[in-house]
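Student: This structure is in structure tokens; I'll ask about it shortly.
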Amino acid sequence: MASAKLHTIVRSLSTATSQGLVKPPVQVFGIEGRYATALFSAGSKQNQLEAIEKDLLKFQGALKNDGILKEFIENPINKRNLKANTLKLVAKKLSLSPPASNFLGLLAENGRLQKLNSIINNYQIIMSAHRGDLQCIVTTAKPLDAADQQELKKTLQAFAKKGETIKLNLKVDPNIIGGMVVSIGDKYVDMSVATKIKKYTEIIQSAI
């Protein structure tokens with residue numbers, strides 16, 4: 001059933017004669033990942049990838065700022081076709097592109113609107129890889145100033161492959177005390193003081 005719905009989405013969004021999926025540069029998983037992959041495939045065929053991403057983020061922002069619309073979409077009592085028709089009106093008001101508008105309508109018809117945020121997040125992951133971005137999450141005990149951010153980005157760029165660009169996502173967590181925790185691509189390095197203290201404590205306790 002899910003595969004049939006995804007096929008419907010690809011067929012509805014794509015004007016290309018070929019029905020084969022365009023393989024994304026990175027694999028995403030779950031039902032949200034499959035929807036995001038189908039949307040990427042359709043967007044590739046229409047050369048609308050960037051427009052779709054921009055429109056989905058615009059709609060996501062509108063949803064956060066409009067409590068009435070959010071409540072309407074989340075209310076299980078409202079029928080799917082009513083939600084689909086309402087979203088078409090919202091999409092028109094926001095001047096969304098046809099692929100994004102159609103996608104939102106199809107999600108409503110398939111009863112998948114509750115997964116919209118996760119689908120958008122998965123689509124962004126695919127688009128990030130498509131652009132050659134290398135996502136890097138750095139957690140520190142205190143905020144880094146501009147100079148430290150530039151130096152860190154320069155250092156991390158050495159881990160990027162040719163054509164990839166480091167995209168820093170900075171987070172602050174006082175619990176790590178000092179140092180930093182770095183997640184870059186599929187690599188994870190914990191250089192925090194808190195982790196070192198825990199490690200040393202375990203060594204001392206095991207020796208007692």
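Student: State, as an integer percentage, the relative contact order of the chain based on alpha-carbon contacts under 8 Å between residues 6 or more apart.
Tutor: That works out to 18 percent.
Student: What trypsin sites (Lys or Arg not before Pro) does segment 129-208 have in DSSP loop regions with at most 11 other beta carbons within 10 Å?
Tutor: Lys161, Lys162
Student: Excluding same-chain residues fewer than 8 positions from Lys187, which lysines have a Cα within less than 25 Å of its Cα?
Tutor: Answer for Lys187, where 25 Å is the Cα cut-off: Lys23, Lys142, Lys153, Lys154, Lys161, Lys162, Lys167, Lys171, Lys196, Lys198, Lys199, listed by chain and number.
Student: Got a sec? How would Leu89, Leu69 order by Cβ neighbour count within 10 Å, fewest to most?
Tutor: Leu89, Leu69
Student: A follow-up question, please. Whose amide H sits under 5 Å from the amide H of Leu134, counting only residues 5 or more places off or on another chain, with H placed in the peptide plane?
Tutor: The answer is Thr165, Ile166, Lys167.
Student: Provide Met191, Met127 in ascending order of the number of other Cβ atoms located within 10 Å of each residue's Cβ, fewest first.
Tutor: In order of increasing Cβ crowding within 10 Å: Met191, Met127.
Student: Could I ask something else about it? For the chain, find the longest principal axis of its Cα atoms and tell me its angle to the long axis of helix 193-207, 0 to 90°, nearest 10.
Tutor: 60
Student: Could I ask something else about it? Rank these for me by crowding, Phe40, Phe59, Phe103, Phe72, going from fewest to most other beta carbons within 10 Å.
Tutor: Listing Phe40, Phe59, Phe103, Phe72 from fewest to most nearby Cβ atoms yields Phe72, Phe59, Phe40, Phe103.
Student: Next question, about the same structure. What is the projected area of the convex hull of the Cα atoms of the chain, averaged over all directions, in nm²?
Tutor: Its Cα hull, projected and averaged over all orientations, spans 16.5 nm².
Student: Per DSSP H run of at least 4 residues, take -39500 (n - 2.57); add these up for the chain, divide by its residues and hand me the 222 nm value, nearest 500 deg cm²/dmol.
Tutor: Estimated from H runs of four or more residues: -19000 deg cm²/dmol.
Student: Under the Karplus relation 6.51 cos²θ - 1.76 cosθ + 1.60, θ = phi - 60°, what is the ordered set of whole-Hz ³J(HN,Hα) values for segment 146-154, x standing for Gly and Pro?
Tutor: So the Karplus estimates, Gly and Pro as x, are 4, 5, 5, 4, 5, 5, 5, 4, 5 Hz.
Student: Can you list the residues, at least 5 places off or on another chain, whose amide H is less than 5 Å from the amide H of Lys171, using H built in the peptide plane?
Tutor: Val138, Thr139, Thr140
Student: Relative to the longest principal Cα axis of the chain, at what angle does helix 116-131 sit, 0 to 90 degrees, rounded to 10?
Tutor: 70
Student: Describe numerically, in nm with one decimal, the distance between label points set 7 Å from Cα along Cα→Cβ at Ile31 and at Tyr188.
Tutor: 2.6
Student: Place +1 on the Cβ of every Lys and Arg and -1 on the Cβ of every Asp and Glu in segment 2-129, take the dipole about the Cα centre, and give the residue among Leu56, Ala84, Pro98 whose Cα lies farthest towards its positive end.
Tutor: Farthest towards the positive end: Ala84.
Throughout, read-outs are computed from the coordinates displayed, never taken from laboratory work. These figures come from a predicted structure and were not determined experimentally. Cβ atoms come from the backbone with ideal geometry, glycine included; neighbour counts cover every protein chain shown.
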